[in-house]
Amino acid sequence: MSESYPHYIEFRHVHKTFDTPVLVDVSFQVNAGETVAIIGRSGVGKSVTLAHIMGFLKPDSGRVIVAHEDITDYPEPELRRIRRKVTMVFQSGALFDSLTIAENILFSLELREDYDEENKLEVVNGLLRMVDLEEYADAYPSDISTGYKRAVAIARALAAQPECVLYDEPTTMVDPIMSDHIASLMLRLKHHLHLTSIVVTHDLDLMRRVADRVVFLHEGRAIFSGPVAELENADDPNIQEFLALDRV
């Protein structure tokens, strides 16, 4: 851990404009081992925030710290090194349709020279057990539901043994039972693996279950950053309206 960058992830006064401003002077931090939820309405910059953390986008101004390093000006080879520590679970699952579920997870291990074939299969089977998908090892993505695809995507992300996982709307478009299953899985990973996590979500039930702290984005600004319990009492009318709509 760098003394100048004590937080695992930190945004320092980040600005990003496309046609209109998307992130406006956004600052927040995530400590190692912590789960932070980023919430807010559609189009407030939640996914753009994740893209900055992965190095897919660079800020117009401000600094982005990831894995205790200032990655703002990193070239692609340095970003690839960071991405071995920080992985993303995409909303689509981004699975390979032509590979079985087990082969999709195995794909993440192909570049690992410290594993032989037997080790790799052990890891794949262990991950399938961890996400409760052993019986689907030989199935294809087209055979399973959206929710199960998300669980496979999580297992594939974990195969790379990251320090940090970014979840992009993990419970969107899944039924309540599967949503509960994914939340339970994320909690299990948090407690067993002590991973640092950021969860972009509209799902306040998920936020309350898995997050330690929350960042609320509104019109490109971080109008709240703090413990989940304090969000309910935030005096900003935009936050209270958002919470009231959720209760409805």
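Rule-based calculations on the coordinates, nothing more; no lab input. Keep in mind that this is a model prediction, so the values were computed, not measured. We place every Cβ from the backbone using ideal geometry, glycine too, and count neighbours over all the protein chains shown.
Size descriptors for the range 171-241: radius of gyration and Dmax over Cα atoms are 13.2, 37 Å. All C-alpha to C-alpha distances of the range 96-161, sorted into 10 Å bins beginning at zero, yield P(r) values of 24, 59, 16, 1 percent in whole numbers. Distance cut-off 23 Å, Cα to Cα: go down the list K16/K190; K16/K46; K85/K190 and report the pairs above it. Table pairs above 23 Å Cα-Cα are K16/K190.
For the chain, what are the DSSP H helices with axial Cα length of 24 Å or more and mean Kyte-Doolittle hydropathy of at least 0.0?
176-193
Can you give the charge dipole size of the range 97-221 about its Cα centre, rounded to the nearest 20 debye, using +1 on the beta carbon of Lys and Arg and -1 on the beta carbon of Asp and Glu? It would help to have the intermediate numbers written out before the result.
Values: 12 positive and 23 negative charges, 145 e Å.
So the dipole magnitude of the range 97-221 works out to roughly 700 debye.
Order these by the 10 Å Cβ neighbour count, fewest first: R209, R81. Write down the numbers at each step before the final one.
Details: R209 16, R81 13.
Fewest-to-most ranking of R209, R81: R81, R209.
The ranking of E78, E118 by Cβ neighbour count inside 10 Å, starting from the fewest, reads E118, E78. Distance between the pseudo-spin-label points of Q240 and T146 (7 Å out from Cα toward the beta carbon): 3.3 nm.
Each residue in S61, S98 was given a count of other beta-carbon atoms within 10 angstrom of its own, and listing them fewest first yields S98, S61.
Put the Cα centre of the range 50-80 next to the Cα centre of the range 85-108 and the gap is 23 Å.
Across the chain, C-alpha contacts under 8 Å between residues 6 or more apart give a mean separation that, scaled by the residue count, equals a relative contact order of 26 percent.
How large is the dipole of the chain about the Cα centre if only Lys and Arg carry +1 and Asp and Glu carry -1, each at its Cβ, rounded to the nearest 20 debye?
Values: 24 positive and 40 negative charges, 80 e Å.
Dipole of the chain, to the nearest 20 debye: 380 debye.
When both the range 137-163 and the range 217-248 are represented by their alpha-carbon centers, they are found 32 Å apart. In plain terms, the chain from S61 to E110 could stretch by 13.9 nm, reckoned as 0.36 nm per residue minus the Cα-Cα distance.
222 nm [θ] for the chain, helices only, -39500 (n - 2.57) per DSSP H run of 4+, per residue, to 500? Spell out each step's value before the answer.
Details: 9 runs with 92 residues, N = 248.
Helix contribution divided over all residues of the chain: -11000 deg cm²/dmol.
You can think of it this way: the chain between E69 and D205 has 45.7 nm of extra reach, that is 0.36 nm per residue less the Cα-Cα gap.
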